1. Restricting things to alpha carbons, tell me how big region 156-250 is in terms of Rg and Dmax, in Å.
2. Using alpha-carbon pairs under 8 Å, 6+ residues apart, how would you state the relative contact order of region 139-203 in percent?
3. With everything on Cα atoms, drop me the angle between helix 106-119 and the longest principal axis of the chain, reported from 0 to 90° to the nearest 10.
4. Can you list the equivalent-ellipsoid semi-axes of region 272-349, largest first and in whole Å, using the square root of 5 times each Cα gyration tensor eigenvalue?
5. Going Cα to Cα from K260, which lysines come in below 25 Å? Please leave out same-chain ones fewer than 8 positions away.
6. When all protein chains stay in place, what accessible area (Å², nearest 10, 1.4 Å probe) is found for S347?
7. Given the convex hull of the Cα atoms of region 1-150, what is a quarter of its surface area in nm²?
8. Would you mind classifying region 71-203 by shape? Square roots of the alpha carbon gyration tensor eigenvalues, ordered a ≥ b ≥ c; an a/c under 1.5 is rounded, otherwise it is prolate if a/b is larger than b/c and oblate if not.
Amino acid sequence: EDHEEAMNEARLEFQKMKKEASANLTSFDWDSYTGLDLARQAKFYFSWGSNITDEMLMEMNHLLTVMESTYSTAKICPFTEQGDGCVPSWELEPDLVDIMAKSRDYEQLKYVWNEWRKASGNKYRQQYLDFIGINQEAARSLGFNNLQDQWLERYESEDFPGLIEQVWAGKFVVDGKERSLELFYKHLHAYVRGKLAETYNIQGADIKENGFIPANILGNMWAQLWGNIEDIVKPFNDTTILDVTEEMVEQGYTVDQMYKLSEEFFKTLGFEPMTDTFWKLSMLTKPEDREVVCHASAEDFFIDEDFRIKMCTTITHADLVTVHHEMGHIVYFMQYKEQPFVYREASNP
């Protein structure tokens, strides 16, 4: 509770600072600036803020804290112990993430997918809607039509959705054949759907020939990465699946070694090594004394050399890939550290 209170206080102060910056910038016509970079920074600072009351900001922070707390502490009953009197003990990481990656039992995967959402998102559905409502009001307070328009402002495009549609559906010719990203994805989707149907329809999945793919059988709790179902969908049975988990375990790899390996990789590309603060203050394994949000993230604290990763790392191939992904954020944060504050985010907003 003390940590949550301190976090909310820090959030509120930061939001007040952005609110003040937006208010101050309304008296300037940055479109008329001769210095294009100064005008660009002014526009970004303005669009980051809001003109809503401090009470609304406090409520928004409270809602966010409730959602984060529910998400980080949610547990479900083990598949074989479900029913009255069960004690929820399966956590998102490592339990549920591991099951979604490795299980090939359709009923278990469906159970985990549904129960996790009942224990997390379903519980804070109203808080989420209220949170979005306040954010919509904050966007409108700056003159944007809605929150989406405020987000898209950072892309500096008159029609960003139109550009995405062009990339998605635009036709081009390869080897004399007309192709598109949309057509490629539909072919890929159909191929993967067929392979998954062979495995799961005999278990009652009822995957239709021209239908959707059930999200619970894609090997990932959020259906966002499909690498964990490579053993099912690979087109040639004589190919080897890259997975160094067993080798790392056999070599006695530690979590620190995984991060040192990643650091060496980025150093070979010309990036700087991690800072002393990184090694001292990053959370690289799951604490035993408290509940935390284990979802991996990289943070720039905007103070001196303070860059950190938060991750409940385990000795697996998947986590080794994630370690490299998160450290990729850090090395770019370090490259941006001399830039103005508004330019220290990822290059893709």
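1. For region 156-250, the Cα radius of gyration and maximum Cα-Cα distance read 17.6, 54 Å.
2. Relative CO of region 139-203 lands at 14 percent.
3. 30 degrees
4. 23, 14, 12
5. Straight-line reach from K260, under 25 Å: K280, K286, K310, K337.
6. We get 110 Å² for S347.
7. Orientation-averaged projected area of the Cα hull: 12.7 nm².
8. Details: a/c = 3.79, a/b = 1.22, b/c = 3.12.
Oblate, since a/c reaches 1.5 and b/c is not below a/b.
The values are calculated or read from the model by the stated rules, or taken from the named source; none is laboratory data. If you're wondering where the values come from, they're calculated on a predicted model, not measured in any experiment. Positions of Cβ are generated from backbone atoms using ideal geometry, with glycine treated the same way; all protein chains shown enter the neighbour counts. What goes into the accessible areas is simple: the full protein's heavy atoms, side chains included, and nothing from ligands, DNA or RNA. Shrake-Rupley method; radii C 1.70, N 1.55, O 1.52, S 1.80 Å.
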